[in-house]
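No lab work stands behind these numbers, since they all come straight from the coordinates. Predicted model, so just to flag it, every value in this text is computed and none were measured. Here Cβ is always computed from backbone atoms with ideal geometry, including for glycine, and neighbour counts include all displayed protein chains.
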Amino acid sequence: MNKKGVIFGPWVGEFGWELFAWQGHIRQIAKSFDFVVVIGKPGNNFLYSDFSDIFVPFEPPKGIADSHTNSTFNISSFNIQQFIQSTVNNSVLIEYNWSYLPPTKIGHPPYNHWRASLNISPFGEICPDYRFLRSPNNFSNIDIVIHARNRSIREVDNWDVNNWDTLVGVLQSKSMSVVSIGTNEQSKHIDNTIDMRNISLDKTVGLLNSARCIVGSSSGPMHLATLSGCPQVVWTSNYRQNYSRYRDTWNPFNIKCIMIPNEVPDPLVVLDAITEIIKD
C-alpha cells in the first residue's frame, strides 16, 4: 500500500483565520498526497473544492469556537479515527496510508507574510498556496457590498446602525446599488439594501467578484474580499496591527485597500474613501 492519503481538520475557528492561517497551507500540503479529506464547517466546501477529494461537514459547538484556543472545542478529546470511520467509506480508508493535521492557527498570524514558509510538523517546510477565488455566479449591477458586523467579540468594531443608514442613504442618492452580506447571526441587514446574508459561500464570492468595492470594519468577509479581487474600504479598532495585514501581509493578489485610521469613522469620511477607491 504505497498510496498516501491525508486528513485535515475539523476547522472550527474564525473565518478570517481559516482563510489566511489554514486553507492556503493545507492546499500546499495536499499536493504531496494522492487523496485528500477536509473536515470543516458546513457550507465552506467551496474553499477546498480545488484540492479536496472529500469534504466532510462538521458543525462546531455553539459558542466561541476557536482552532487556536479551542475555547468550546477540545481537539484532544476529538476521536478522529471514530469520526472518519463513521463518515468516509471504508473502501477509501483501506486504500491509503493516512496522515493527519488537526485544526490549528498555523504560524503567528497576522504577522506571517503570505509568502512566508513555515515548518508544519510532520510535513516539513510549507509555503502556503492561495487561490484567487472565482465563482460561476455572476451578479450584474452591483456597486457596493457592505458587511455590517454584529458580533459580541470586539463590540467596538460593530459600527452603529445610524452610521450605516447615513452612508447607504448617500450611496443610493448617487444611484449606487448596495448589498448586505454576512451571516444572519453575526451581521445586520441595513435598511434599503439588498439582503444577501446567509447565501452560499460561492455566491458570496460571486458578489465580491462583481462589486466595485466592499465596506466594513475588519472581519472575515473583508478578508474573503481580498481573495476574491474586491477592493476594500475598512476600519479597525487596532489600526497599527491591521494596516500592514490588509495592505500587504494578507494580500497575495495586491488588491486595492483603503484603511481608515479611526475605529469609529464618520460616514462622510467612509464615503470619501469609497469615492477614491472606485474612481478608476
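Arranged from fewest to most other beta-carbon atoms within 10 Å of their beta carbon, TYR239, TYR130, TYR48 become TYR239, TYR130, TYR48. Given the C-alpha centroids of the stretch 149-225 and the stretch 104-147, what is the distance between them in whole angstrom? Their Cα centres are 21 Å away from one another. Exposure proxy shown here: for THR275, THR249, the number of other Cβ atoms within 10 Å sets the order, fewest to most, as THR275, THR249. When each full DSSP H helix of the chain is screened for a Cα extent of at least 27 Å along its own axis and an average Kyte-Doolittle hydropathy of at least -0.5, none passes. For the stretch 144-277, the equivalent ellipsoid built from the Cα gyration tensor has semi-axes of 19, 17, 15 Å, listed from largest to smallest. In the chain, Cα pairs under 8 Å separated by at least six residues give a relative contact order of 18 percent. Springs join every pair of Cα atoms under 10 Å in this Gaussian network model of the chain, and among GLN23, GLN241, GLN232 the largest mean-square fluctuation is at GLN241.
Between ASP195, ASP50, ASP165, find the one with the highest GNM mean-square fluctuation for the chain; connect C-alpha pairs within less than 10 Å. Result: ASP50 has the largest fluctuation of those listed.
In the chain, the calculated helix contribution to ellipticity at 222 nm averages -7000 deg cm²/dmol per residue, counting -39,500 (n - 2.57) for every DSSP H run with n ≥ 4. Take the Cα of GLN172, step 7 Å along the line toward its Cβ, and report every residue of the stretch 206-238 whose backbone nitrogen sits under 13 Å from that point. Counting only backbone N, you get no residues. When the Cα gyration tensor is reduced to axis lengths a ≥ b ≥ c, the ratio a/c stays below 1.5 for the stretch 1-143, which is therefore classed as rounded. Beta bridges from DSSP with both residues in the chain: antiparallel share about 15 percent, rounded to the nearest 5.
With contacts taken as Cα pairs under 8 Å at a separation of at least 6 residues, the stretch 6-142 carries a relative contact order of 32 percent. Legend: ranking of residues HIS223, HIS113, HIS189 from fewest to most surrounding C-beta atoms inside 10 Å; resulting order HIS113, HIS189, HIS223. Values [x] 19.0; [y] 21.8; [z] 19.8 are given for comparison; Kirkwood radius over Cα pairs in Å, derived from the coordinates here, is the one labelled [z].
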